[in-house]
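These notes concern the structure reproduced below.
The values are calculated or read from the model by the stated rules, or taken from the named source; none is laboratory data. Only a predicted model underlies this, so the values are computations on that prediction, with no experimental measurement involved. Please note: Cβ atoms are built from the backbone with ideal geometry, for glycine as well, and neighbour counts cover all protein chains shown.
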Amino acid sequence: MGEKGKFIALEGIDGSGKSAHAGFITDYLRRRGYTVFYTEEPSRGRIGRLLREYLKDESTLSLADAFLFAADRAEHLQHEIMPAIKEGKIVVCERYKFSSFAYQSVQGQDIKMLKDIHFFAPDPDLTILLDLEPKAGVERCSRGEKFETEDFLTKVRDAYLDLAKEFPNFHIVDATPDKMTVKDNVIKVVQDFLDNNGHPRPDQE
Ligand SMILES: Nc1ncnc2c1ncn2[C@@H]1O[C@H](COP(=O)(O)OP(=O)(O)OP(=O)(O)O)[C@@H](O)[C@H]1O
Ligand SMILES: [Mg+2]
């Protein structure tokens, strides 16, 4: 048994199912006796709350967005994620630094600058990229609010696929099938990862 926890991040374009699967993973792991800390970005901390409010205005500068996301992430890591990992918890985090790399680079910010300002942010132990055609993503989140355009999300998706090749511990899951099929595939990735990395099911010998 590893005494330290694990850090699992969920990434993907709008509507790809991050919230749905973060919830499924959390429920699944808790039922099997793991101690899970579920969280998301922007965080629920002070900078995260400020950021959510700030982003409601669509005319924000993407450079300012980049720094605010990084500042929120620094606080989120320091106050919530790292302590949870130290306590041996499995952290399930919806969106992380790869969201900044993908979205803000498509908005014109230099990818090297984006990586540089995340010098403090470790790579997760496992990153699940929920990969979906942007058209489907737009349709799935078309209930109500404004969302990003298909054209924009096409670029974000490509940026994510590049990041998946560049960074370690990325696992791409096809998010096209129905929710329960995707759920089974995601859960299998997570359980295999935990089994192979010192965190077998607590209710097993
Ligand atoms: N495989 C699927 N098939 C059909 N609908 C799905 C599937 N996965 C998720 N959905 C539905 O699509 C919508 C968007 O999913 P969800 O909110 O989980 O996406 P998200 O990645 O968290 O989006 P956002 O980035 O906007 O937070 C929800 O209504 C969800 O129930
Ligand atoms: Mg969501």
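Condition check ((1) more than 30 Å from residue 199 (Cβ to Cβ); (2) free of Cβ contacts under 8 Å to residues at least 60 places away in the same chain) across all residues:
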| residue | (1), (2) |
| --- | --- |
| 100 | no, yes |
| 111 | yes, yes |
| 116 | yes, yes |
| 120 | no, yes |
| 127 | no, no |
| 131 | no, no |
| 134 | yes, no |
| 153 | yes, no |
| 161 | no, yes |
- Message: Please verify whether residue 18 is within 16 Å of ligand 1 (Cβ to nearest atom) and touching a residue at least 24 places away in the same chain (Cβ under 8 Å), treating the condition exactly as stated.
- Response: yes
- residue 148 versus (1) within 15 Å of the chain's Cα centre (by Cα); (2) touching a residue at least 60 places away in the same chain (Cβ under 8 Å): which is the lone unmet condition? (1)
- Message: Being in contact with an Asp or Glu (Cβ under 9 Å, 6 or more places away or on another chain), within 16 Å of ligand 2 (Cβ to nearest atom), farther than 18 Å from residue 102 by Cα and part of a helix (DSSP H, G or I) is the filter here; which residues of the range 24-53 pass it?
- Response: 48
- Yes or no: residue 28 modelled with pLDDT of 95 or more, more than 17 Å from the chain's Cα centre (by Cα) and within 16 Å of ligand 1 (Cβ to nearest atom)? yes
- Task: Test each condition in (1) modelled with pLDDT of 95 or more; (2) within 16 Å of ligand 2 (Cβ to nearest atom) for residue 71 and report the one that comes out false.
- Result: (2)
- Message: Taking the condition of being without any contact (Cβ under 8 Å) to a residue 24 or more places away in the chain and either out of contact with any strand residue (DSSP E or B) (no Cβ under 6 Å at 6 or more places or on another chain) or within 16 Å of ligand 2 (Cβ to nearest atom) (or both), how many residues in the range 169-190 meet it?
- Response: 6
